[in-house]
Amino acid sequence: MNQYERGIAEALTSLYGYEPQEARSLVIRYIEVIRRLDGYDNCEDHAQRLHLARKTDVSPEEWLTRIQDAERGALRDTGIEFEENRYAQ
């Protein structure tokens, strides 16, 4: 784990009462998701997401599928320019 991921584990421990090994295991389980989301959010935000994913039984695989679906939708989104051009004609 890198320093950012260790920070997420520490936030799980301090904010949600996880034991250090349990927090580390949770971060490792969701490490692909964390890396896919990049390091734009602070450790506490990621800790909250991981805690909620665990509470609601969202697996890393399900989460990655949701991210991919959202990315595909963003690629299909023609944006405001399309709407403006459609009404301008």
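Summed over the range 1-24, the residues that are in contact with a Ser or Thr (Cβ under 8 Å, 6 or more places away or on another chain) and surrounded by fewer than 17 Cβ atoms within 10 Å (Cβ to Cβ) give a count of 2. Listed conditions (1) open to solvent by less than 70 Å² (accessible area, probe 1.4 Å); (2) farther than 16 Å from Lys55 by Cα; (3) at pLDDT 95 or above are all met by Val27, apart from (2). Just to be sure, is Glu44 touching a residue at least 24 places away in the same chain (Cβ under 8 Å) and in contact with a helix residue (DSSP H, G or I) (Cβ under 6 Å, 6 or more places away or on another chain)? Criteria met by Glu44. Residue by residue through the range 30-60, note down the ones that are among the β-branched types (Val, Ile, Thr) and surrounded by 13 or more Cβ atoms within 10 Å (Cβ to Cβ). Within the range 30-60, Ile31, Val33, Ile34, Val58 meet the criteria. Within the range 1-58, if we keep just the residues that are of a type in the set (Phe, Trp, Tyr) and within 15 Å of the chain's Cα centre (by Cα), the residue that is nearest to Asp69 (Cα to Cα) turns out to be Tyr30. Among the residues of the range 47-67, write down those that are among the polar types (S, T, N, Q) and out of contact with any helix residue (DSSP H, G or I) (no Cβ under 9 Å at 6 or more places or on another chain). Correct list: Thr56, Thr65.
The values are calculated or read from the model by the stated rules, or taken from the named source; none is laboratory data. It should be emphasised that the depicted structure is a prediction, and the values quoted were computed from it without experimental measurement. All Cβ positions, glycine included, derive from the backbone under ideal geometry; neighbour counts span all protein chains shown. SASA here: full protein model, heavy atoms, side chains in, ligands and nucleic acids out. Shrake-Rupley method; radii C 1.70, N 1.55, O 1.52, S 1.80 Å.
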